[in-house]
Amino acid sequence: GENVEQHPSTLSVQEGDSAVIKCTYSDSASNYFPWYKQELGKGPQLIIDIRSNVGEKKDQRIAVTLNKTAKHFSLHITETQPEDSAVYFCAAMRGAGGFKTIFGAGTRLFVKA
Amino acid sequence: EPEVTQTPSHQVTQMGQEVILRCVPISNHLYFYWYRQILGQKVEFLVSFYNNEISEKSEIFDDQFSVERPDGSNFTLKIRSTKLEDSAMYFCASSGLALRLGYNEQFFGPGTRLTVL
């Protein structure tokens, strides 16, 4: 069945350092890959996304890369700040039918001041 | 900025009871979803809904679950006979029509915490 693997499960970095979270997906029909940030007690909030016809996308300190051949995609956060501390989820969606979205298990990011 | 809202924020119920979780999607959105998140675990897809019918559902979404759009604004998830393992955070999401683009950005509500005793 469809699956999304996400690593690491926990990541601790010093303020100002970069953080990288990696995901792999199994469903070849996936063509949309959103990343969500979840803070305690809140719903997932979309922070960046990438579509399968694009290899890289950047939005200020956040960038995402996609390797369709290897079925890998990654989130890069540069110049981390304490407010970046949260749980980050990658996800993969099939762009047809019911737009079923499969989430990774999440990465708890700690940014130490 | 428009947002998805959910009520109640916390629902406590006895095992075997029926519960209805309510959501108000973003007003011009056409696709609606329910997800659940057991404490400390990943977000899991339950069901998607479009044009007044279920588009897709997961293996979690068995006969105990149903969804409805009773009017032009609400989207509900009903669990007929709750079990202890139904205890989780339930998130509603909605998205606009972007079929020709082949993807659909989903906006999530704040969730309803369901506790089954």
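The values are calculated or read from the model by the stated rules, or taken from the named source; none is laboratory data. Keep in mind that what you see is a predicted model, and the values were worked out from it rather than measured. Glycine gets a Cβ as well: all are built from the backbone with ideal geometry, and neighbour counts include every protein chain shown. We work out accessible area using only protein heavy atoms, side chains counted, and drop any ligands, DNA or RNA first. Shrake-Rupley method; radii C 1.70, N 1.55, O 1.52, S 1.80 Å.
For the reader, a short list of remarks on this structure follows.
- Residue within the stretch B:67-90 that is within 11 Å of another protein chain (Cβ to nearest Cβ) and in contact with a strand residue (DSSP E or B) (Cβ under 9 Å, 6 or more places away or on another chain) present: yes
- Within the stretch A:63-82, being of a type in the set (Gly, Ala, Ser) and over 19 Å from residue A:27 (Cα atoms) holds for one residue alone: A:63.
- Any hit, the stretch A:96-108, residues being surrounded by 18 or more Cβ atoms within 10 Å (Cβ to Cβ), more than 14 Å from chain B (Cβ to nearest Cβ) and either under 24 Å from residue B:95 (Cβ atoms) or touching a helix residue (DSSP H, G or I) at 6+ places or on another chain (Cβ under 6 Å) (or both): no
- When residues of the stretch A:83-95 are limited to those that are within 7 Å of chain B (Cβ to nearest Cβ) and crowded, with 19+ Cβ neighbours inside 10 Å, the one modelled with the highest pLDDT: A:89
- Flag if residue A:74 is touching a residue at least 12 places away in the same chain (Cβ under 8 Å), within 11 Å of chain B (Cβ to nearest Cβ) and open to solvent by less than 50 Å² (accessible area, probe 1.4 Å): no
- Subset of the stretch A:38-63 (residues that are out of contact with any Pro (no Cβ under 9 Å at 6 or more places or on another chain), open to solvent by less than 50 Å² (accessible area, probe 1.4 Å) and outside any loop (DSSP other than H, G, I, E, B)): A:62, A:63
- Within the stretch A:21-45, the set of residues being within 16 Å of residue A:107 (Cβ to Cβ) and either among the polar types (S, T, N, Q) or within 8 Å of chain B (Cβ to nearest Cβ) (or both) comprises A:24, A:34, A:36, A:38, A:44, A:45.
- Filter result for residue B:16 (in contact with a strand residue (DSSP E or B) (Cβ under 8 Å, 6 or more places away or on another chain) and on the phi > 0 side of the Ramachandran plot): no
- Close pairs from the stretch B:58-80: first free of Cβ contacts under 8 Å to residues at least 60 places away in the same chain, partner part of a loop (DSSP other than H, G, I, E, B) and basic (Lys, Arg), Cβ under 9 Å, at least 6 apart: B:58/A:100; B:63/B:80; B:64/B:80; B:64/B:83; B:65/B:80; B:66/B:80; B:75/B:69; B:76/B:69
- In the stretch A:94-113, the residues that are under 16 Å from residue A:52 (Cα atoms) form Cβ pairs under 8 Å with partners that are at pLDDT below 80 and small (Gly, Ala, Ser), at six or more places apart or across chains, as follows: A:95/B:102; A:96/B:102.
- Count - residues of the stretch A:1-35 that are part of a strand (DSSP E or B) and at pLDDT below 95: 5
- Set A:62, A:50: member being within 11 Å of chain B (Cβ to nearest Cβ), of a type outside the set (D, E, K, R) and out of contact with any helix residue (DSSP H, G or I) (no Cβ under 6 Å at 6 or more places or on another chain): A:50
- Test for residue A:80: is it away from chain B (no Cβ under 14 Å), without any contact (Cβ under 8 Å) to a residue 24 or more places away in the chain and either open to solvent by less than 50 Å² (accessible area, probe 1.4 Å) or under 19 Å from residue A:23 (Cα atoms) (or both): no
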